[in-house]
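Chemist: Below you will find the structure I want to go over with you.
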Amino acid sequence: MIALPENTRHFLHDVGELSRFAARFFVEGLRPRYEVREFIRQCFVIGYKSLPLAALTAFIMGLVLTMQLHPSMVYYGVGAMIPAMVGIAIVREIGPILTALIFAGKIGSSIGAELGSMKVTEQIDAMEVSGTNPFKYLVVTRTLAAMLMLPVLVIISDAISLYGSYLGVNIYERVSFYLFFKQIFDYLLFMDVVPAVIKTFFFGFAVGIIGCYKGYYSSKGTEGVGRSANSAVVVSSVVIFILDLIAVQITDLL
């Protein structure tokens, strides 16, 4: 029998534990009692407080992308296609991915550090002793809030990014607001928008469940808290790219 390397065994163990953790999320999420008040609070913390960073990043992305593309597209005689090209690129791919990565960096690390601190200070154990279900109160609410808020952030970020693109075009030439967005929506198809929004629910689930998992099973004191926050961001980012690759393949088949 061939022994697997230690790193491989550790990776497979983590995958198995994370899968079991995710399965428990679905079981606990469907079972009453529902922590509605905590869920709403997490939507505010996870969604509303992430909006300024996501909006600023989206605006700069749309502006810079347009400014970078404009000289080359004008040189090749297709400058009029800039709104359509930028619109499709942002809505289909750049907007969801970039916003999800920003979300993973801010929310994934925050959840991992918060739950990790609660774990090493035995607050989670105290919740169990007091009769509160810590998994439902801490994990289910945060993961559901991440699933709900990331698509909203992506839609808002796409709109802000397209506005940044509009300003970028007007740096070089005069284009009306109506004409710019009319060209975008003339070329933007139903199958460009819907899959891009649907996959963000899975991105949000990945960020929420991985951040909760890393924090919920944190150990080794304050060092473990930092490690949980860091690994939550890294793993979430990798999983986002993997999910995006799968989503692209499914969209192409449809």
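The values are calculated or read from the model by the stated rules, or taken from the named source; none is laboratory data. In this text the structure is predicted, and so the values were computed from the model without any measurement. Note: ideal-geometry Cβ built from the backbone for every residue, glycine included; neighbour counts use all protein chains shown. Each accessible area value is taken on the protein alone, full model and side chains, heavy atoms only, with ligands, DNA and RNA left out. Shrake-Rupley method; radii C 1.70, N 1.55, O 1.52, S 1.80 Å.
Chemist: Do you know which residues across region 232-254 are surrounded by fewer than 20 Cβ atoms within 10 Å (Cβ to Cβ) and farther than 30 Å from MET191 by Cβ?
Modeler: VAL234
Chemist: Check MET127 against each of (1) under 24 Å from ILE60 (Cβ atoms); (2) part of a helix (DSSP H, G or I); (3) open to solvent by 10 Å² or more (accessible area, probe 1.4 Å) and name the one condition it does not meet.
Modeler: (1)
Chemist: Within region 130-157, how many residues are part of a helix (DSSP H, G or I) and open to solvent by 20 Å² or more (accessible area, probe 1.4 Å)?
Modeler: Final tally of qualifying residues: 8.
Chemist: Sticking with this structure for a sec: Of all residues in region 200-235, count the ones that are outside any helix (DSSP H, G or I) and either of a type outside the set (S, T, N, Q) or closer than 23 Å to GLU93 by Cα (or both).
Modeler: Selection size over region 200-235: 2.
Chemist: Ok, one more. Being touching a residue at least 24 places away in the same chain (Cβ under 8 Å) and open to solvent by 10 Å² or more (accessible area, probe 1.4 Å) is the requirement here; does GLY221 meet it?
Modeler: So GLY221 fits the description; yes.
Chemist: Go through (1) under 22 Å from VAL207 (Cβ atoms); (2) touching a residue at least 24 places away in the same chain (Cβ under 8 Å); (3) of a type in the set (D, E, K, R) for ARG20 and report which single condition fails.
Modeler: The one condition ARG20 does not meet is (2).
Chemist: Specify the residue that is surrounded by the most Cβ atoms within 10 Å (Cβ to Cβ); the eligible residues are those in region 158-177 that are free of Cβ contacts under 8 Å to residues at least 24 places away in the same chain and polar (S, T, N, Q).
Modeler: Restricting to residues being free of Cβ contacts under 8 Å to residues at least 24 places away in the same chain and polar (S, T, N, Q), the top hit is ASN170.
Chemist: Among the candidates PHE201, PHE180, which residue alone is touching a Pro at 6+ places or on another chain (Cβ under 7 Å), farther than 20 Å from ASP14 by Cα and open to solvent by less than 10 Å² (accessible area, probe 1.4 Å)?
Modeler: One residue alone meets the criteria, PHE180.
Chemist: Next question, about the same structure. If a residue has to be farther than 25 Å from ILE209 by Cα and open to solvent by 70 Å² or more (accessible area, probe 1.4 Å) to count, how many in region 24-63 make the cut?
Modeler: Number satisfying all stated conditions: 2.
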